[in-house]
Every structure is written in structure tokens, then in C-alpha cells.
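The values are calculated or read from the model by the stated rules, or taken from the named source; none is laboratory data. Please read all numbers here as calculations on a predicted model, not as lab measurements. Cβ sites come from the backbone with ideal geometry, for glycine too, and all protein chains shown count toward neighbours.
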Amino acid sequence: MNIRIENLTKSYGDQKAVDSISFEVKTGEVLGFLGPNGAGKSTTMKMITHYLNIDAGNITIDGRSVRNTDMKKHIGYLPEHNPLYEDMPVIDYLRFVAELQGVDAVKLDDRVKDMVRLCGLNDEKHKKINELSKGYRQRVGLAQAMIHDPEILILDEPTTGLDPNQIVEIRELIRTLGNSKTVILSTHILPEVEATCDRILIINKGKIVADGTAETLRKTASGSQVLRVKIQAPSQDEVKESVSQLAGVALVEKVEGSENRLEIQSHVDQNVNEAIFRLCVDKNWVLTEMVPFETKLEDIFRDLTMN
Amino acid sequence: MKTSNATWIIAKRELSAFFNSLVAYILLISFLGFTGFFTWLSGNGDVFFRKQADLKVFFMIANWTLFFFIPAVTMRLLAEEKRSGTIELLLTKNVSDRQMVLGKYLSAFLMVLIALAFTIPYYLSVSQLGNFDHGATLSGYLGLILLSSAYIGIGLFASSLTNNQIVAFLLALLLGICFQFIFGVLANGSTGWISELFNTLSLTSHFDSISRGVIDSKDVVYFLSITFLGIFLSEYIISKRK
Ligand SMILES: Nc1ncnc2c1ncn2[C@@H]1O[C@H](COP(=O)(O)OP(=O)(O)OP(=O)(O)O)[C@@H](O)[C@H]1O
Ligand SMILES: [Mg+2]
């Protein structure tokens, strides 16, 4: 199912938590929702799941507004603080949610079992929820979100508190689900976004500041290419001097704490690899290393959200 | 079909949570203890002292016990859900605000019915003691059920206003006191249509006539109105979270 968000706005008092944002997510897409604390990620998710009313704008799922109560059955939602009925045993809780979501009585037991297995809850399934560790609670939260096999998953920081093994499994699971479903997840773990999401949306102070794949974000963020090279030559100063004079090179800097390494930034849309190679051949220098340097997602994120 | 279903699932969970905690048992035991003591043992006023085979005393005491008992049942219904954040969980499931509020109401109502069911032995044994008016007794039970329903409406509303159970409890008592006394006092202290209005609002007279065996549709409408108003206002308050 496709989610379409148009000019969505939400205010708390006179603070605009979400300020006229628009985007679309399609079936088979995993959207990573990024933004600093208080950017409005959770607020947006609460409106999609219709826990919060929409002040202005519209959210539609396959053309129908989420204001219709019956749209909620298509959505599986993990809220950010993962509230749970503390005094219920895990298995009873999952049964309760399954019933509430209208899972067929015949399939109910199987569904609960599947979720227990999928989320690694088998050893804990008879414990009360308030006896669980944080990570297990989070797994219960994930299990309840997916129990009715919804077409849309809204996951607010799904991997917080999970151990590294479980994180890998859950990311894998989200990737797999993402092939056939529509997934929106928020996170503060940037490598996670690259590992699981097809597309990234960054919001800051309620406004969208970036929307695209990790690759397109990198391109638009830096534009120019950065190369790291290691050249063995009698005089490093001469190397630096000559490289600076090559056409297309914008900036050359020595890499601190590493001998013979230079960082070379080219002008926008200029490729200087070949020129450097030829220079070395001409001068009889040994080029032992040449790696394109990727702008880190962290840097892009900081650039977009720190002003 | 779907509507009643979600309501029922929520009520069922609420009831079982209730019986999994000590609260339910403490409340049941104190309800039965109080009503039993005054019906059978208290000395002046009990069945033996008055030498009358009826449950008048029981109905009067039950009214007062329920007055405290029901706010203790209803205080957690919405307040706790809001405090712990689980309300977000419920309302993002395939459940409407109304279904949730109705489910909560239903759970408290069933709880009261269970408590009242435990008093059936009083009825059975007193009716053996002599000339017994079954009609009046049934009408008395109907009165208790209607009264409870109204108290639950009030308690539910109080619980929707806060996320603190104690506040919800005290607020429900306060509203209860208005209906039990204050409106009556105001009715006596005023004249004309104002007196009439407060008299209509006062709960005591409506309950008295039913528990005496007189079922008047006006009284029934009175209790049901409070119930519906309570449910409706709770739903309204919950929908205002947004
Ligand atoms: N119930 C509320 N009442 C008042 N203000 C609120 C409420 N909920 C959120 N806000 C404000 O709205 C803004 C957006 O909050 P939101 O929870 O959507 O941020 P977020 O992007 O999810 O942040 P985080 O990364 O910390 O989870 C914040 O400034 C927050 O203080
Ligand atoms: Mg958040």
C-alpha cells in the first residue's frame, strides 16, 4: 500500500512540531526517517497511525484518508517508548493484540507462535512483561506490531536496546518485509539506515531537509570528489606542489599522522584520478594507494541539521 | 459485529487484569463483608432485629458500599492507560475511541455484576425467613444495577480527566457526593424551578423509590442518562488527546 503525505502540519501550542511536510512511500520501499531530537519524527508517525489528529494537510493510504478508523488495521506500529501491559505474560499479551487486530481465531495460535520464533522470544514467552530485560521488551513491541501481518509497518526506533545479534536479525527481517510491504522506520543509528533503508528522509525542526537514497544524498551534499592517495617520492613537498598544479584539483592536504598520504579534493564534476596517475609515471614516483573518500552520512546529517 | 468484538476483547483483558491483581479480591471481600455485616449482624437494623424478611437494609448499605467500591474500580480504567502510555497501543489498533471507552465501562459493569451475584445467597436465605416480597427485592436489585451503572459512568469520566489514579478516585467521590447530597441540599434550599432541577439531579430520591419496589421510568431514564453522559464525555475527553 502506498502512503501519501501532503502538507502535513501539527502544532503543540504555538510550536510547530511538523511543518507542512510532503512525501510518499510506496509498496516495497523501506523509508528511513532521520532527524535530531525533537525534529518531529515521532509526531509524524503518530499522525500516520492516527493516534494524533492532523492539524492541516492530509495522509492517505492507497487514496483513503487515515482519518477512517478502519485504515488502522493495515498498519503495524511500534511506538517509541514501547508501552506494554506490564502485568501480562508475553504470550497472553500477543494473543490479546492478535485478537484485537482481527486475526482469525483459527490462525491465531500459529501467528503468535511465528512471532515468538521470529523475535526470539521463546525462552521468555511465559514471563510477565515487567520481568523482561529492555531488549526483550523491545522484541515484544516488534512482535505485537507485526502480528497481524500488516501491509504497512511504522517503527519508531525499532532497534534500541537490542543486542548486536538481534539487531542484525531484525534489520534482515525489516529488509525482507520491505520487499513486499511499506515500511517507515526512524532511527538515530546512521549505519542502520544504510543497512536497511532504500530511501532516507531527513527532517529538522519539522521540515524536510533531504529526501533520497544514501548515494544521492552524498552527491548533493559534497558534489566534489575526495581522493586519498599515497605516493612514494624523494620529496613529499614536491609531490604536494605538483599535484596542486594539476587541472581540476581544488585542494591538497597532507593527512595528519600518516606519512606520504595526501587528501585531494577535486573541483565539482572533475575526475583527477588519471592525471595523478600520469603525473606519477612521468616523475617516476610510486603510487601505492588511491581511494575515493566517501562523505560520511554523519557529516551530511550534521551539515543539514546544525544551523 | 466488529464493533462489539473489540469492545468485548478490551473488557475481557481488563477483567482478567483485575482478577490477576489483589485489588479485585480486596474489593469483593470488603463489599461482601460490609453488606453482610449490616444485613445480618449489626444489631439494631439487621434482619433479626427488625423481624422483617426483606433486604431493605442490604440495599441501603450496598448503595453506600458501592459509592466507594466503584470509584476504586473505575479509577484505573483510563488514568492508568494514559499514565503508562498503553492507550497509544490500544488506539492505534483496529479500535475506535468509543469501542475502547465502552470496553472499559463494560469491564467495570461486569465486575459489579459479579459482586452482586455473590449476594444472591443473602436473597435466598432471607426469603426463607418469612413473608417475602420477591417483586420488591428484584426491583431493589435493578435499582442497584442502575445505580452502579451511573456510578461507573461518573467514575469513568473522572478517570478520563487525569493520568493519576488517586486523583481519579477522589474526583469520582467528589462527583458522587454532589449527586448523593449536595444536589439534595441545594434543592431544599431553593425554590421554584431551580429546586425542581436540583431535585431531579439528586440521586437519593431516584434510588429510594426503586429500592422500595417502585419502578418508575423516570428513575430508569435518570440513571441511564448519567451512564451515557459519563461514557460520552469520557470518549470526548479521550478524543481530545490529539
Ligand atoms: N505531547 C506533546 N506536547 C507538547 N509538545 C510535544 C508533545 N510531543 C512532542 N512535542 C514536541 O514536538 C517536537 C517534536 O517531537 P517528536 O517527539 O516528534 O520528536 P522526534 O523527532 O521523535 O525526536 P526524538 O528523536 O527525540 O524521538 C518536540 O519539540 C517536542 O518537544
Ligand atoms: Mg521520537
**OP:** Might you check whether a residue that is touching a Cys at 6+ places or on another chain (Cβ under 6 Å), more than 10 Å from chain B (Cβ to nearest Cβ) and closer than 29 Å to A:His188 by Cα occurs anywhere in the range A:59-66?
**Re:** no
Subject >> Single unsatisfied condition, A:Leu78 versus (1) within 24 Å of the chain's Cα centre (by Cα); (2) facing chain B (nearest Cβ under 9 Å) >> reply: (2)
Original post:
When the range A:189-204 is examined, which residues are found to be farther than 16 Å from A:Ile152 by Cα, in contact with an Asp or Glu (Cβ under 7 Å, 6 or more places away or on another chain) and not in a strand (DSSP E or B)?
Top reply: A:Leu190
Subject >> Meets criteria (small (Gly, Ala, Ser), within 16 Å of ligand 2 (Cβ to nearest atom) and over 19 Å from A:Gln101 (Cβ atoms)) for A:Gly161 >> reply: yes
**OP:** Evaluate the range B:24-40: report whether one residue or more is modelled with pLDDT of 85 or more and within 14 Å of another protein chain (Cβ to nearest Cβ).
**Re:** yes
Original post:
Just one of A:Ser180, A:Ser186, A:Ser133 is within 16 Å of ligand 2 (Cβ to nearest atom), more than 14 Å from chain B (Cβ to nearest Cβ) and on the phi < 0 side of the Ramachandran plot; which is it?
Top reply: A:Ser186
**OP:** Give me the pairs, please: first residue somewhere in the range B:221-242 and more than 13 Å from every other protein chain (Cβ to nearest Cβ), second residue anywhere and surrounded by fewer than 21 Cβ atoms within 10 Å (Cβ to Cβ) and β-branched (Val, Ile, Thr), beta-carbon distance under 9 Å, and either six or more positions apart or on two chains.
**Re:** B:Tyr222/B:Thr200; B:Phe223/B:Ile145
Original post:
When only residues in the range A:1-29 that are more than 16 Å from ligand 2 (Cβ to nearest atom) and out of contact with any strand residue (DSSP E or B) (no Cβ under 9 Å at 6 or more places or on another chain) count, which is nearest to the other protein chains (Cβ to nearest Cβ)?
Top reply: A:Gly13
Original post:
Any idea which residue in the range A:11-36 is surrounded by the most Cβ atoms within 10 Å (Cβ to Cβ), counting only those that are within 10 Å of ligand 1 (Cβ to nearest atom) and in contact (Cβ under 8 Å) with a residue 60 or more places away in the chain?
Top reply: A:Val18
Original post:
List, please: which pairs have Cβ atoms under 7 Å, are six or more places apart or on different chains, and start with a residue in the range A:153-173 that is within 14 Å of chain B (Cβ to nearest Cβ) and over 15 Å from A:Leu118 (Cα atoms) and end with one that is at pLDDT below 90 and more than 16 Å from ligand 2 (Cβ to nearest atom)?
Top reply: A:Leu153/A:Leu177
**OP:** Please find, among A:Ser242, A:Ser186, A:Ser180, the residue that is assigned by TED's automatic domain parsing to the domain that holds A:Ile147 and more than 16 Å from ligand 1 (Cβ to nearest atom).
**Re:** A:Ser180
**OP:** Scan the range A:152-174 for residues that are polar (S, T, N, Q) and away from ligand 1 (no atom under 16 Å from the Cβ) and jot them down.
**Re:** A:Asn165, A:Gln166
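Here is a yes/no grid of residues against (1) within 13 Å of ligand 2 (Cβ to nearest atom); (2) outside the structural domain of A:Ser180 (by TED's automatic domain parsing); (3) charged (D, E, K, R):
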{"position": "A:Leu34", "(1), (2), (3)": "yes, no, no"}
{"position": "A:Asn37", "(1), (2), (3)": "yes, no, no"}
{"position": "A:Gly40", "(1), (2), (3)": "yes, no, no"}
{"position": "A:Thr43", "(1), (2), (3)": "yes, no, no"}
{"position": "A:Ser65", "(1), (2), (3)": "no, no, no"}
{"position": "A:Asp70", "(1), (2), (3)": "no, no, yes"}
Subject >> Residues of the range A:141-173 that turn out to be outside any helix (DSSP H, G or I) and of a type in the set (A, V, I, L, M), as a count >> reply: 6
Subject >> Members of the range A:272-294 that are closer than 17 Å to A:Ser244 by Cβ and part of a loop (DSSP other than H, G, I, E, B) >> reply: A:Val272, A:Trp285
Original post:
Looking at this structure, is B:Leu144 under 30 Å from A:Lys46 (Cα atoms), touching a Leu at 6+ places or on another chain (Cβ under 7 Å) and not hydroxyl-bearing (Ser, Thr, Tyr)?
Top reply: no
Original post:
Does the range A:61-68 include one or more residues that are among the polar types (S, T, N, Q) and either touching a residue at least 12 places away in the same chain (Cβ under 8 Å) or within 12 Å of ligand 1 (Cβ to nearest atom) (or both)?
Top reply: no
Original post:
Mind checking whether some residue in the range B:108-118 is within 27 Å of B:Arg241 (Cα to Cα) and away from every other protein chain (no Cβ under 14 Å)?
Top reply: yes
Original post:
Here is a list of conditions, (1) within 16 Å of ligand 2 (Cβ to nearest atom); (2) within 14 Å of another protein chain (Cβ to nearest Cβ); (3) of a type in the set (A, V, I, L, M, F, W, C), and A:Ile54 meets all of them except one; can you say which number that is?
Top reply: (1)
Original post:
Does any residue of the range B:177-189 turn out to be part of a loop (DSSP other than H, G, I, E, B) and surrounded by 14 or more Cβ atoms within 10 Å (Cβ to Cβ)?
Top reply: no
**OP:** Answer yes or no: is there a residue in the range A:124-137 that is among the polar types (S, T, N, Q), within 22 Å of A:Ile48 (Cα to Cα) and modelled with pLDDT of 90 or more.
**Re:** no
